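Have a look at the structure below before the remarks.
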Amino acid sequence: MTTGLDDGAEDYLVLQRKGQLFPAITLAAYRLHRLAVWRDRAAVDPTPAFIALEDAVVQATFFGDELLNGRLDDLLAAARSFVDTVRTIQGASRPGFGGAVEEYHRGDDDAARRRLQDAIECFVAAARADLRIAGPWRSAFGDAPAP
């Protein structure tokens, strides 16, 4: 039989782990969000970035309550949708000038990135509340917070 830690040490250890996982999830989500569809004339595979996000999310769900895990589910759903959109664009078009997404598919790309951005912002709000962090937050990438 194991005995628990005393003097709030268990809570501190959980808080410490959340404090590591939540920023890692945010970073992985932003890396996916910023992933190019094309690099030069070649398609960029979003799978490694998605897997990194998914791995961190799976770890965090162990520590999350219903609200936080709901936000993590939403984040993964938006990430999967983004990956599907990238693959659809890659399968249905060619890279534009400088590796840009062709005009016909730009709206789909923008919408998928917006959904992922919104999911990131909702997760961050829930994660900061869970960690009892007050005040405004702005991404280190310079993205404006969701209203």
Q: Name every residue in the range 81-92 that is of a type outside the set (Asp, Glu) and either modelled with pLDDT under 95 or exposed (fewer than 14 other Cβ atoms within 10 Å of the Cβ) (or both), in order of residue number.
A: GLY91, ALA92
Q) Considering the range 22-53 alone, what residues qualify as being closer than 14 Å to ILE120 by Cα, surrounded by fewer than 19 Cβ atoms within 10 Å (Cβ to Cβ) and in contact (Cβ under 8 Å) with a residue 24 or more places away in the chain? A) ALA24, ARG34
Q) In the range 1-39, how many residues are farther than 24 Å from ALA129 by Cβ and modelled with pLDDT of 85 or more? A) 6
Q | Restricting the range 87-124 to residues that are aliphatic (A, V, I, L, M), assigned to a helix (DSSP H, G or I) and in contact (Cβ under 8 Å) with a residue 40 or more places away in the chain, the residue that is nearest to ASP65 (Cα to Cα) | A | VAL124
Q.
So in the range 79-103, with the set limited to residues that are under 21 Å from the mean Cα position of the chain (by Cα) and aliphatic (A, V, I, L, M), which one is farthest from CYS122 (Cα to Cα)?
A. ILE89
Q. In the range 58-67, which residue that is touching a helix residue (DSSP H, G or I) at 6+ places or on another chain (Cβ under 8 Å) and not in a helix (DSSP H, G or I) is modelled with the highest pLDDT?
A. ASP65
Q) Does any residue of the range 44-57 turn out to be over 23 Å from ARG138 (Cα atoms), modelled with pLDDT of 95 or more, not hydrophobic (A, V, I, L, M, F, W, C) and not in a helix (DSSP H, G or I)? A) yes
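The values are calculated or read from the model by the stated rules, or taken from the named source; none is laboratory data. These numbers come from a predicted model, not from an experiment. Cβ sites come from the backbone with ideal geometry, for glycine too, and all protein chains shown count toward neighbours.
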